[in-house]
Amino acid sequence: MLRVTEPLALMGARFEANNPDRLPLAIRGGRLSPLDWQLPVSSAQIKGCLLFAGLAAGQPVALREPGGRSRDHTERLLRSFGFTVVEDSDGWIRFQPTGALEPFDLEVPGDPSSAAFLVGAALLSEGGTLRITGVGINPTRTGFLRVLERMGARISVEEGAEQCGEPVGDLVAGPGTLRGTILAAEEIPGLIDEIPLLAILASRASGETRFHEVGELRVKESDRLGLLAANLRAVGADASVQGETLIVRGGTRPPIGRVVTEGDHRLAMAFAVLGTVPGARVRIDNMACAAVSFPGFEELLRSISSPAKGRSR
């Protein structure tokens, strides 16, 4: 919790906790001051929290993220209400309380991180075409598509209308032959949630795929990095972790084995997608946890995983 409470405390918020880095904690309100802060990691959650604190307090906030840019949904939404949010050439994001919140209607675009699992199923299928409609295609959320294109995937993006500054469109995907690639450190903040899906696809690609600087996965809903590599090995794939780098070597044997999720929804969904490979026998210890972010995922995956050749779903 220190990632959030430390900068908020500098603004004037007060926190009481037995362990300052863990819940539970008590929050004491009060007048907040302006903030200049360099984030310890690139994180849309931390960035959004501090921008909203500036919004609530009517105070300017300047933030800088290390490495690559994280998701910018908060910045886009604030701009749509007239607030000034600019990014300097040196990477500082500067907020000024120049706007005003008004009532509004919004159709929230489909989550690209959830859509990624359906795209993965289409890529591993033996035939057919899958169209996923009304997906958010914000450039800070579609880094996984650029990686998949490097890997040889056949995916098209059909752009539609914007919603409060958010671009929306359809994704169209079909089966293809994948090859290994290298994911550089600066790419990771824009696709951190899609790494489990990309890793299981890498296990079916030719050659080696390296995910650099993915240590942040150790502090997600689980030790996602360690579990990802261990579960890939458990189903017969070649995966290892060297420092903060995940290395996956592709193979052609059907995945067979038991997956331990520790309640991590993205691991459950990624390995369910891997389980659609012909001949696979992948047993997942807790598929129900997928409902955290994608209710009905298992049933939907089952409905699209065996389309007739040439059929569009």
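The table for this structure:
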| item | result |
| --- | --- |
| GluC sites (Glu not before Pro) restricted to DSSP loop in segment 95-160 with at most 14 other C-beta within 10 Å | GLU107, GLU126 |
| Within the chain, helix-based [θ] at 222 nm, where runs of 4 or more DSSP H residues each add -39,500 (n - 2.57), nearest 500 | -8500 deg cm²/dmol |
| Separation of alpha-carbon centers, segment 28-42 and segment 219-244, rounded to whole Å | 34 Å |
| Scattering curve values for segment 204-292, log₁₀ I(q)/I(0), Debye with Cα scatterers, q = 0.17, 0.18 Å⁻¹ | -0.69, -0.77 |
| Segment 2-96, Cα convex hull volume normalised per residue, Å³ | 92 Å³ |
| For the chain, Kirkwood radius (reciprocal of mean inverse C-alpha pair distance, Å) | 20.9 Å |
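Here, each number is a calculation from the coordinates, and none is a lab measurement. Computed from a predicted model, the values in this text were never measured in an experiment. Please note: Cβ atoms are built from the backbone with ideal geometry, for glycine as well, and neighbour counts cover all protein chains shown.
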